[in-house]
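Structure first, commentary second.
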Ligand code: ATP
């Protein structure tokens, strides 16, 4: 893309919806600030109703903030109408024109720009090629599969070369396999074009696999911003830890914090945990977060005794579900052909790898 890449910035943005009839208000977005660097794809991730779509709609101009500012590059676009902002949105529902062919759907934005016919034709064909739909240019949208329709929607958005591409749960109507293929394609196209993008989803796997950064939201507030790796390995709270991946939580007592390690007591054993949130204090109860890959199975001298309930074989890993005094705990066994797999019903024990765990505020 020849176009200059831009950044996007939200500064203390709040959106309150008032319902005069019932005299109620909803704080959909609460004092949100973040910056997306030029060419980055950032995902808004969080449970239903946490304010993801409202945030996206304010960037697109479909909603106006109650407070705060939005910038594309250095330009304050907070109150610009949608057609005056250099953004394009791909919706979950595709939003294609049913009476137009694929070609005309994709050409639509360029026709509005009054580009000449030959140029339009070339660009549409190039763009359809990019999304793998060149052969279907003359079809009606109703004669396409869901995945193909979503590609048309994507082509229609990127052809106008927006500075900011906004994707609102674009894959949620597709089946699992297609979703996986499409998310890789979206990522490739976004990188190739170098478009700054916001992607809204409540699917953690989608967020993890697509994003340069993830913004985790809850009840209108941003809880954490980080790379997928940071968010997974170094979540700042129980909420983020649980939302972005499988995890076990154990209650521990903090004995000391020394030499950059948090010394905790768990089942009368002392564990030295290198990763801990700075808001925890000595003497308090806290939460030890353990991902399935930070737990290992042993014959009987591990910290937590248990019995194998079920083993789930997933090719290169086995998920072993163990009944314990702390409830059911899943232990992930990578490269299972090289490890001992405890058979279902047999007794075993779980050990914790301190280096892979984190201490979080209770
Ligand atoms: P989902 O994943 O279900 O789409 P979301 O995280 O995108 O959810 P939003 O759609 O942004 O959440 O909604 C945030 C909150 O604002 C919700 O409580 C919602 O009911 C409320 N809300 C959104 N739009 C409006 C509106 N136009 N009028 C009143 N309340 C609204």
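Checking each residue in the range 1-35 for being under 24 Å from the mean Cα position of the chain (by Cα) and part of a loop (DSSP other than H, G, I, E, B) picks out 5, 6, 7. When the test is whether a residue is near the ligand (Cβ under 10 Å from one of its atoms), part of a strand (DSSP E or B), more than 19 Å from the chain's Cα centre (by Cα) and in contact (Cβ under 8 Å) with a residue 60 or more places away in the chain, residue 70 does not pass it.
Just one of the listed residues (270, 215) is in a strand (DSSP E or B), within 28 Å of residue 340 (Cβ to Cβ) and in contact with a strand residue (DSSP E or B) (Cβ under 9 Å, 6 or more places away or on another chain), and it is 270.
Listed here are the residues, each with its yes/no results for (1) assigned by TED's automatic domain parsing to the domain that holds residue 302; (2) at pLDDT below 95.
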| site | (1), (2) |
| --- | --- |
| 182 | no, yes |
| 212 | no, no |
| 221 | no, no |
| 254 | yes, no |
| 264 | yes, no |
| 279 | yes, yes |
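For the range 36-53, the criterion of being surrounded by fewer than 20 Cβ atoms within 10 Å (Cβ to Cβ), modelled with pLDDT of 95 or more and part of a strand (DSSP E or B) is satisfied by no residue at all.
Would you confirm, using the coordinates I've provided, whether residue 282 is touching a residue at least 12 places away in the same chain (Cβ under 8 Å) and assigned to a loop (DSSP other than H, G, I, E, B)?
Judged against the criteria, residue 282 is a match.
Here is the figure for the range 158-182: residues that are away from the ligand (no atom under 13 Å from the Cβ), at positive phi and touching a strand residue (DSSP E or B) at 6+ places or on another chain (Cβ under 8 Å) total 0. With respect to the conditions (1) touching a residue at least 12 places away in the same chain (Cβ under 8 Å); (2) at positive phi, residue 297 falls short on a single one, namely (2). Annotation: of all residues in the range 190-207 being more than 16 Å from the ligand (Cβ to nearest atom) and assigned to a helix (DSSP H, G or I), the one that is surrounded by the most Cβ atoms within 10 Å (Cβ to Cβ) is 190. Total residues in the range 1-58 satisfying the condition of being touching a helix residue (DSSP H, G or I) at 6+ places or on another chain (Cβ under 8 Å), under 23 Å from residue 210 (Cα atoms) and near the ligand (Cβ under 8 Å from one of its atoms): the figure is 3.
Conditions (1) under 29 Å from the mean Cα position of the chain (by Cα); (2) at pLDDT below 90, marked per residue:
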site	(1), (2)
115	no, yes
118	no, no
123	no, no
128	yes, no
147	yes, yes
150	yes, yes
155	yes, no
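Against the test of being assigned by TED's automatic domain parsing to the domain that holds residue 98 and not in a loop (DSSP other than H, G, I, E, B), the options 167, 171 yield a single qualifying residue, 167.
The values are calculated or read from the model by the stated rules, or taken from the named source; none is laboratory data. The shown structure was predicted, so the numbers you read here are calculated from the model rather than taken from an experiment. When we count neighbours, we look across all protein chains shown, and the Cβ atoms used for this are built from the backbone with ideal geometry, even at glycine.
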